[in-house]
Amino acid sequence: MEKTLVLLKPSCVQRQLIGEIINRFERRGLRIAGMKLMQLSDEILREHYAHLVDRPFFPSLAASMQASPVVALALEGVDAVQVVRTMTGATNGREAAPGTIRGDYSLSNQQNIVHASDSTANADIELARFFRPEEILDYKSGAHDFIYGEGEG
């Protein structure tokens, strides 16, 4: 099973969409392996967005990510990274397809509800950034055998 990181951003938290967004992931069949509410520090933001630190919009991005706590989720499932990326939609909410999380809840490039890991390699790095090993739990969901066919997961 593959694991991936999702951050429910301040735009999600402040609009009181946490339960609705988590429900979408759970209804799809993804298992929550870890979850916590946290306030992001300057240090973690500079590390997480290292590829954007020198861009002129980084201060605005950092401020928006610190406007309230975020919910960090470790989600697990077969091809979890790609499944979550498909569910979240295009980064810019105005360009995201209806039916995706951003397509249904966002009209912004920055206030776009969620962050989702973009590859399995980055998922591993990002999960380690936001969770200690003991905070990601391994258990079998009672629904597992009704989500995956024999040999799939």
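The values are calculated or read from the model by the stated rules, or taken from the named source; none is laboratory data. Everything quoted here is computed from the prediction, not taken from an experiment. All Cβ positions, glycine included, derive from the backbone under ideal geometry; neighbour counts span all protein chains shown. For the accessible areas, the whole protein counts, side chains as well, though only heavy atoms, and no ligand, DNA or RNA atoms are used. Shrake-Rupley method; radii C 1.70, N 1.55, O 1.52, S 1.80 Å.
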If you place +1 on the Cβ of every Lys and Arg and -1 on the Cβ of every Asp and Glu, how big does the dipole about the Cα centre of the chain come out, in debye to the nearest 20?
540
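Multiplying the sequence separation of Q16 and R55 by 0.36 nm and subtracting their Cα-Cα distance, what value in nm do you get?
On the way: separation 39, 0.36 × 39 = 14.04 nm, distance 2.98 nm.
Gain in length upon complete extension: 11.1 nm.
At a 1.4 Å probe, what is the % contribution of carbon and sulfur to the accessible area of the chain? The partial results should precede the final answer.
Details: 4090 of 8180 Å².
Whole-percent figure for carbon plus sulfur exposure: 50.
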Protection proxy ranking, peptides 95-101, 37-43, average beta carbon neighbours within 10 Å, highest first:
95-101, 37-43
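Mind running the shape call on segment 111-153? Use the C-alpha gyration tensor, a ≥ b ≥ c as the square roots of the eigenvalues: rounded below 1.5 for a/c, prolate if a/b tops b/c, oblate otherwise.
On the way: a/c = 2.12, a/b = 1.61, b/c = 1.31.
Prolate.
Once you sort the root eigenvalues of the Cα gyration tensor of segment 28-110 as a ≥ b ≥ c, which label holds: rounded (a/c under 1.5), prolate (a/b larger than b/c) or oblate (the other case)?
Working: a/c = 1.98, a/b = 1.28, b/c = 1.55.
Here segment 28-110 falls in the oblate category.
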Taking 0.36 nm per residue of separation and subtracting the Cα-Cα distance, what length does fully extending N92 through I147 add?
16.8 nm
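Going by a ≥ b ≥ c, the root eigenvalues of the Cα gyration tensor, does segment 71-153 fall in the rounded group (a/c under 1.5), the prolate group (a/b larger than b/c) or the oblate group? Could you put the intermediate results ahead of the total?
Working: a/c = 2.36, a/b = 1.42, b/c = 1.65.
Note, shape of segment 71-153 comes out oblate.
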Furthest towards positive pole of dipole, A62, S119, G34, structure part the chain, Cβ charges
A62
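Sort the following peptides by mean Cβ neighbour count (other Cβ atoms within 10 Å, averaged over residues), highest first: 114-127, 1-14. Write out the running numbers ahead of the final one.
Details: 114-127: 18.4, 1-14: 21.5.
Going from most to least packed, we get 1-14, 114-127.
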Restricting things to alpha carbons, find the Rg to Rh ratio for the chain using the Kirkwood radius for Rh.
0.96
